[in-house]
Amino acid sequence: MASADPEKGGALFRRQCAVCHSANEGGKNGVGPNLYDVVGKPHGHLEGFNYSAALKGKQGPWNYEELNHWLLAPAKYAPGTRMGFVGLKDVQDRANVIAYLRSLSPNPQPLP
Ligand code: HEC
């Protein structure tokens with residue numbers, strides 16, 4: 001995470017995630033939930049979004065470790081998830097996009 005680049009993560013987000021997710025404050029849910037300030041929040045962090053039981057059933061917050069596993073292979077992390085996304089194989093891509101999500105918070109989580 002220390003060498004992660006939130007700008008590259010933002011570019012990746014716009015290419016690969018924005019088709020389903022907004023990330024601005026108060027942004028609309030799409031196929032997936034709005035992701036503003038998601039880092040550190042519980043799994044299924046938005047009231048009113050219809051999450052799968054697979055995702056909602058996960059305990060604990062979205063910390064860096066959990067996000068890293070999720071984004072590597074969503075269907076493995078939460079079998080039955082509705083996030084129809086194959087995953088990001090490249091560890092640097094995952095770190096960059098997590099750094100981007102972190103950067104959206106008004107009060108970013110400390111880096112690991
Ligand atoms: C094809 C649509 C789609 C794409 C592409 C997609 N997602 Fe998702 N995402 C979803 C859906 C649907 C959910 C809710 C999953 C569930 O309830 O099982 C979700 C959930 C999430 C969550 C959990 C949110 C919460 O409130 O707990 C995160 C974090 C996330 N996505 C990040 C990403 C990132 C980062 C990318 C790009 C690398 C991405 N997603 C690409 C559809 C998508």
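The values are calculated or read from the model by the stated rules, or taken from the named source; none is laboratory data. Everything quoted here is computed from the prediction, not taken from an experiment. Virtual Cβ from ideal backbone geometry, glycine too; neighbours counted across all protein chains shown.
Worth pointing out:
- For Arg102: the one exception among (1) within 18 Å of Gln16 (Cα to Cα); (2) free of Cβ contacts under 8 Å to residues at least 40 places away in the same chain: (2)
- Unique residue being surrounded by 14 or more Cβ atoms within 10 Å (Cβ to Cβ), in a loop (DSSP other than H, G, I, E, B), touching a residue at least 24 places away in the same chain (Cβ under 8 Å) and not hydrophobic (A, V, I, L, M, F, W, C) when the list is Gly9, Gly32: Gly32
- Checking Ser52 against (1) surrounded by fewer than 17 Cβ atoms within 10 Å (Cβ to Cβ); (2) out of contact with any Gly (no Cβ under 9 Å at 6 or more places or on another chain), the condition it does not meet: (2)
- Verdict on Asn29 being out of contact with any helix residue (DSSP H, G or I) (no Cβ under 9 Å at 6 or more places or on another chain) and modelled with pLDDT of 95 or more: yes
- Flag if Lys58 is free of Cβ contacts under 8 Å to residues at least 24 places away in the same chain and touching a His at 6+ places or on another chain (Cβ under 8 Å): yes
- Among the criteria (1) near the ligand (Cβ under 9 Å from one of its atoms); (2) in contact with an Asp or Glu (Cβ under 7 Å, 6 or more places away or on another chain), the one Gly30 does not fulfil is (2).
- Residue satisfying condition, being closer than 27 Å to Ala2 by Cβ, in contact with a Phe, Trp or Tyr (Cβ under 9 Å, 6 or more places away or on another chain) and β-branched (Val, Ile, Thr), within set Val91, Val97: Val97
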